[in-house]
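In what follows, a single structure is set out as structure tokens and then discussed.
The values are calculated or read from the model by the stated rules, or taken from the named source; none is laboratory data. Predicted model, so just to flag it, every value in this text is computed and none were measured. Counting neighbours? That spans all protein chains shown, and the Cβs are built from the backbone with ideal geometry, glycine included.
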Amino acid sequence: MNGLPETVGTMRAPLALGLLALAFAVLALSGVAFGSTWIALDQVAGVILGAGDRTQQIIVLQLRLPRVAIAILAGGGMAVAGFLLQKITRNSLASPGVLGVIDGAALGVVIFLAALSNESNALVTSIAYQPVAAAIGALVAISLVFILSGRQASSAIRLLLFGVAVAAVAKSLTMILMLIGPIYQTSQAARWLAGAVNEVNWSEIQITAIAMVPIMLLVLVACRKLPPADLDEVSARGIGLDLPVFRILIFALAAALTALSVAFVGGVGFVGLMAPHLARLLVGRNIFAGLVGSFLLGAIMLVGADLIVRVLFAPVEVPAGTVTAIIGAPYFLFLLMGKQRHDG
């Protein structure tokens, strides 16, 4: 009987991950089947395998499957980025949105669109460079936050204040570019203010997936050092880990993941905050279980948000980011008040 609690604790993470994987699969299939018209799951499978009529092929392969695929990649990527930031700062409030990374990435892309679009609403360079612009903006934003925070970068309130400030500046610059630029720029840049998955095509999904694979592999390697990095600097130094250098690496990985996630989707907020926190509650403190759980939860949140707006507001295209903001803002306030009570 004495070993029962230990056995239950050992099974907690695999059981939680199994349930999350099941929920993820159900939502992904629902995202393809549901919409203005219902397509049965056997018909969806047939279309994916090359069967089905022309109308079903257009609905599944060109309209629904791309938005589900990018929602999985973007939601999962932002969640993993939030997981890394929360672990390395030992701060449950840290996330790409709260630390200004999403707005920085968005500003990078808007500058890219404004500078390299012509009056025919076409880019004069390849769309493959858009994630690069997002990465530069994200890295600049997160660097500013942590440089301004200085040695007190682990302080929840200090990170929050500088993150909000950097995000506000980036958002203001984005609005200025939209106001002074031609109308053809405004329609594209407006996507970043809400975050939507409905205008993404397969080439953009391919770019996101190909770029995300090596970054995720680096994250898996880096996660082997995250448990000691979760300690203080003295303890980390005692086991031979250069914590300042390692933090820079983690910040860079988090910024790169965020940039890829928002490069074609836009500034979907709060997924990177909620998913890692909920994953920790479900699977415990195991690093790799938390990483996988965060990815699954992030994907579930964004696919679910898109499914909600697609079903409830059809045929009007409401950005999925509105749902994550409505849910995420109160959740953030709840965490913030809990942090303040804990800190005294």
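Residue-level analysis places residue 69 among those that are over 19 Å from residue 278 (Cβ atoms) and modelled with pLDDT of 90 or more. All conditions but one from (1) without any contact (Cβ under 8 Å) to a residue 60 or more places away in the chain; (2) within 30 Å of residue 33 (Cα to Cα) apply to residue 263; the one that does not is (1).
Looking only at the stretch 199-210, residues that are touching a Leu at 6+ places or on another chain (Cβ under 9 Å) and surrounded by 19 or more Cβ atoms within 10 Å (Cβ to Cβ) come to 3 in all. Restricting 336, 291 to residues that are in a helix (DSSP H, G or I) and at pLDDT 85 or above narrows the list to 291. Do we find a residue being modelled with pLDDT of 75 or more, in a loop (DSSP other than H, G, I, E, B) and either of a type in the set (Ser, Thr, Tyr) or closer than 27 Å to residue 72 by Cα (or both) anywhere in the stretch 201-210? Yes.
Contact map, the stretch 305-316: first residue touching a residue at least 40 places away in the same chain (Cβ under 8 Å), second residue charged (D, E, K, R), Cβ cut-off under 7 Å, separation 6 or more or different chains; pairs are 306/67. Among the residues of the stretch 266-300, those identified as hydrophobic (A, V, I, L, M, F, W, C) and within 10 Å of the chain's Cα centre (by Cα) are 268, 270, 271, 273, 275, 295, 299.
Look at the stretch 42-53: where a residue is under 16 Å from residue 69 (Cα atoms) and without any contact (Cβ under 8 Å) to a residue 60 or more places away in the chain, no partner that is in a loop (DSSP other than H, G, I, E, B) and among the basic types (Lys, Arg) sits 6+ places away or on another chain with Cβ atoms under 9 Å.
Within the stretch 54-77, being farther than 24 Å from residue 325 by Cβ, among the β-branched types (Val, Ile, Thr) and in contact (Cβ under 8 Å) with a residue 24 or more places away in the chain holds for 59, 60. Among the criteria (1) in contact with a Lys or Arg (Cβ under 7 Å, 6 or more places away or on another chain); (2) more than 20 Å from residue 29 (Cα to Cα); (3) surrounded by 24 or more Cβ atoms within 10 Å (Cβ to Cβ), the one residue 306 does not fulfil is (2).
Scanning the stretch 94-132 for residues that are among the aliphatic types (A, V, I, L, M), assigned to a helix (DSSP H, G or I) and closer than 25 Å to residue 275 by Cβ gives 101, 102, 105, 106, 107, 109. Could you please let me know if residue 88 is touching a residue at least 60 places away in the same chain (Cβ under 8 Å), over 24 Å from residue 322 (Cβ atoms) and surrounded by fewer than 19 Cβ atoms within 10 Å (Cβ to Cβ)? Here the answer is no, as residue 88 does not meet what is asked.
For the stretch 34-63, which positions are acidic (Asp, Glu) and part of a helix (DSSP H, G or I)? 42 - this is the single residue of the stretch 34-63 that is acidic (Asp, Glu) and part of a helix (DSSP H, G or I).
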